[in-house]
Amino acid sequence: MSDKEVYYKDYLQLDKILNAQDLESDKIGVDAHDEMLFIVTHQAYELWFKQVLYELNSITDLLSSPKVDDNDPVLQVVVHRSQRINTILRLLVDQINIMETMSSMDFLDFRDLLRPASGFQSIQWKELEALLGLKYEDRHGKQYYVSALRPDDTKEVKDAETKPTLLDLLNTWLERMPFFDKGWPEAIATPIDDHPFWENYRSVFASKLIDIESGNMDLFDKILFGKNENKKRRLSAKACRSALFIMLYSGYPLLQLPYQLLESLLETDELMATWRTRHMNMVFRMIGSRVGTGNSSGRGYLKAALDKHYIFNELAELNGLLVQRNALPDLPKAIEVQLGFGGSQ
């Protein structure tokens, strides 16, 4: 144990933090009271982005392990930290309420002094999207993605895109789920779409569709078996089958943590979309249809990015393949035992 005394102000380096607000309006003698609010709010965002990245990097490190079981303590840590990320994202959404106390005229007092600085230059936000799984080719406005960045920042963003993403690691983890190889020994050599469970479940799902939903059977076969697939997917058909199985039978103890992880990732997507929506609406309220300080199309860019930047949308699609609990196929005894109900074999 160190004998050094730790002092609050020094430990938090408050001299650096509290003197890091250098107002452009002060430099030219313009009265722009709300520039302080603008800077502090965005600095707070970047600090929270740093924490989110810290949590996310730890999650990807844990999921990069060759073996993460459904009841492994490691998975508990992953779920906990994933939920912490969502708690922070909810705070970031609420933080927009503070920004909205600034009127359009308040913003115009200093807005032109910011050019060409823009939130589009947030390196940490780009890293966060990349590490979650948003690919460069799937981005809206990718031609401008790094054009406004300095060379060292461009390198940092591109380096982040070479790291394992949470979405890719999720796919690998889901593909390892063994339940369709064990418990149905007679089905090991059969094609997966002829597997007793999926053959049964497909019939149940079809029986629950109304007439105008008949096309959902094609979607069922595309998502779960890769039939007539005409686009590249990030979650394989095998991973999607495992994820759907987890969603269907989440009441079993062994599937509770996996289910919580899937739900947490869906919430991450929802919260990021909510943040983009709130940001978009705030921008429209503040500057209408004018271009952003970084010369983007302002609200138009934000709206297009909102529609395109969902990361775990393939997980969300699986909710359209669910049936009610009382229609679920019964599982073999061996599977029930493995999942936590049924006692000892």
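Every read-out reported here was derived from the displayed coordinates using simple, explicitly stated rules and does not represent laboratory data. Here the structure is a predicted model, which is why all the values come from computation and not from measurement. Glycine also receives a Cβ, built like all others from the backbone with ideal geometry; neighbour counts cover every protein chain displayed.
Could you list D26, D109 so that the one with the fewest beta carbons within 10 Å of its beta carbon is first and the one with the most is last? Provide the component values of the computation, followed by the final result.
Working: D26 14, D109 17.
By the 10 Å Cβ count, ascending, the order reads D26, D109.
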Viscosity 1.002 mPa s, temperature 20 °C: Stokes-Einstein D of the stretch 107-152 from its Kirkwood Cα radius, in µm² per second?
176
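With 10 angstrom as the radius, rank V204, V68, V78 by how many other C-beta atoms surround their C-beta, starting from the fewest. Please report the intermediate quantities before stating the final value.
Working: V204 13, V68 17, V78 25.
Lowest count first: V204, V68, V78.
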Taking only the alpha-carbon positions of the stretch 33-151 and ignoring solvent, what does the Debye formula give for the base-10 log of I(q)/I(0) at q = 0.16, 0.17, 0.20, 0.23 Å⁻¹?
-0.93, -1.01, -1.20, -1.33
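Counting each pair of different Cα atoms once, what's the Kirkwood radius of the stretch 1-52 in Å, rounded to one decimal? Provide the component values of the computation, followed by the final result.
Values: mean 1/r = 0.0748 Å⁻¹.
By the Kirkwood definition, the hydrodynamic radius is 13.4 Å.
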Against the longest alpha carbon principal axis of the chain, how many degrees, from 0 to 90 and to the nearest 10, is the axis of helix 216-225 turned?
90
Binning every alpha carbon pair distance of the chain at 10 Å from zero, what are the percents per bin?
5, 20, 27, 22, 14, 8, 4, 0, 0
So how tilted is helix 256-287 from the main axis of the chain? Cα-based, degrees 0 to 90, rounded to 10.
30
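Only counting other Cβ atoms within 10 Å, I'd like L167, L108 sorted with the fewest neighbours first.
Details: L167 19, L108 13.
Least to most surrounded, the residues fall as L108, L167.
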Efficiency of FRET from Cβ geometry, Y7 and N281, R₀ 45 Å, rounded to 0.05:
0.55
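Quick check on the stretch 302-342: take the gyration tensor over C-alpha atoms, sort the square-rooted eigenvalues as a ≥ b ≥ c, and tell me if it's rounded (a/c under 1.5), prolate or oblate.
Numbers: a/c = 5.90, a/b = 2.90, b/c = 2.03.
Cα axes put the stretch 302-342 in the prolate bin.
What shape does the stretch 1-103 have by the C-alpha gyration tensor, where a ≥ b ≥ c are the square roots of the eigenvalues, rounded means a/c under 1.5, and otherwise prolate means a/b greater than b/c and oblate the rest?
oblate
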Length-normalised contact order of the stretch 15-339, Cα under 8 Å, at least 6 apart, in percent, tallies to 25
Over 5 Å intervals from 0, what percent of Cα-Cα pairs in the stretch 200-277 sits in each interval?
3, 13, 17, 18, 20, 19, 9, 2, 0
